[in-house]
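Okay, so here's the structure we're looking at.
The values are calculated or read from the model by the stated rules, or taken from the named source; none is laboratory data. Here the structure is a predicted model, which is why all the values come from computation and not from measurement. Glycine gets a Cβ as well: all are built from the backbone with ideal geometry, and neighbour counts include every protein chain shown.
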Amino acid sequence: MDAWGSSSQTLNYLINYYPELLADFGRAVVSGQDNIWFSNRRLINYDMGQFPDILENFVKLMALNETKNFWVVASRGFIYMLMKRYEEAIADFSQAIILDEKNAWFIATRGDIYRRMGHYKEALADFGRAIALDDGVAWVFDHRGEVYRVMGRYEAALSDIDHAIVLGYDSYNSRGLVLSYLERYEEAIDSYEQELKKNPNDYQLLYNIAISMVRWKGLSYAQKYMDVARTALQSEVIAGVRGAGLYGLGGLEAVIGNFDTALDYLEQAIADREEAIDWARQDMAWEDLRIRNDPRFRSLVPVTE
């Protein structure tokens, strides 16, 4: 969704905990094979409930190794990041960078943590430093593009996102977001539809297309797209994805001026998922309420410095 699809996009190396993974780290500590993290990481869905146990095991490994193995330090920081314990994640990655100052992945990941925290100056500095060390990592360009987009630097964002696509990253949703902010709606919709070919029922993409269509050609032309998006979002609510689904339903109402209904949905969405506040700060569906400085909207979505 606008201001939501790309920022909620999880990194493609998110891991689930396996006993084998801990064994890999143990062998890395003993043998000094620091690349074991990359060669043996598990690229499947993770379970938040397992993170405390993972942290306990990392603490044991770090005690055994006196925190000198930078992969163990960074790996604990990565788990902290997934748990949204960002200050602790920053501390671990900063320590890992001290131990291995030329490691582009450590620097870029710290930059991504700063991005998640809204510390955009620090994020840009780390992304730039990482790219100087290794300019072939697609997700770094995509995430730097996300920072530029949130900062309103749309041309810079588009340049980075296009480069991420050249490097093989699926950034078409992010590209569509940026193009829509530039009011290049036809190109934005083309980008969304490019991604939709692979994910035809993706409610975020269907929402983004509907919002762009309303902005571009008005409600009468966009009605069929609105109906498709509304059905997809209602299905998400029924399936238990309440925060995102309710937020999207609110955005569809906001973009056509049904503000009371939109704000009712937004309030419910925020109660279920706090990230909805950040989504609404950027989403063009809520632009009219932002411009009007609507009191109820501002009570739900306070202005940030």
Practice task
Collect the residues in region 199-227 that are among the aliphatic types (A, V, I, L, M) and without any contact (Cβ under 8 Å) to a residue 60 or more places away in the chain, keeping them in residue-number order.
Solution key: L206, I209, A210, M213, V214, L219, A222, M226
Practice task
Filter region 247-302 for residues that are over 18 Å from T231 (Cα atoms), in a helix (DSSP H, G or I), touching a residue at least 12 places away in the same chain (Cβ under 8 Å) and more than 22 Å from the chain's Cα centre (by Cα) and give the result.
Solution key: F259, L263, D264, D288, L289, R296, F297
Exercise for the section: Could you list, in sequence order, all residues of region 204-256 that are at pLDDT 95 or above and on the phi > 0 side of the Ramachandran plot? Expected result: G218
Exercise for the section: Among the residues of region 103-159, count how many are under 14 Å from S174 (Cα atoms) and part of a helix (DSSP H, G or I). Expected result: 19
Problem - Number of the exception - G136 against (1) within 15 Å of the chain's Cα centre (by Cα); (2) touching a residue at least 24 places away in the same chain (Cβ under 8 Å) - result: (1)
Exercise for the section: Answer with yes or no whether V241 is closer than 18 Å to R273 by Cβ and not basic (K, R). Expected result: yes
Exercise for the section: With the checklist (1) in contact with a Phe, Trp or Tyr (Cβ under 9 Å, 6 or more places away or on another chain); (2) in contact (Cβ under 8 Å) with a residue 12 or more places away in the chain in hand, flag the one item I98 doesn't pass. Expected result: (2)
Problem - Residue in region 119-138 that is closer than 25 Å to D202 by Cα and buried (at least 16 other Cβ atoms within 10 Å of the Cβ) present - result: yes
Fill in the blank from the handout: Output for Cβ contacts, cut-off 8 Å, separation at least six or different chains, first residue buried (at least 16 other Cβ atoms within 10 Å of the Cβ) in region 182-198, second of a type in the set (F, W, Y), reads Y185/W216; I189/W216; S191/Y172; Y192/Y172; Q194/Y172; E195/Y172
Problem - Verdict on D162 being outside any helix (DSSP H, G or I) and either in contact with a helix residue (DSSP H, G or I) (Cβ under 9 Å, 6 or more places away or on another chain) or at pLDDT 95 or above (or both) - result: no
Practice task
Test each condition in (1) of a type outside the set (A, V, I, L, M); (2) within 14 Å of the chain's Cα centre (by Cα); (3) closer than 26 Å to D100 by Cβ for G128 and report the one that comes out false.
Solution key: (2)
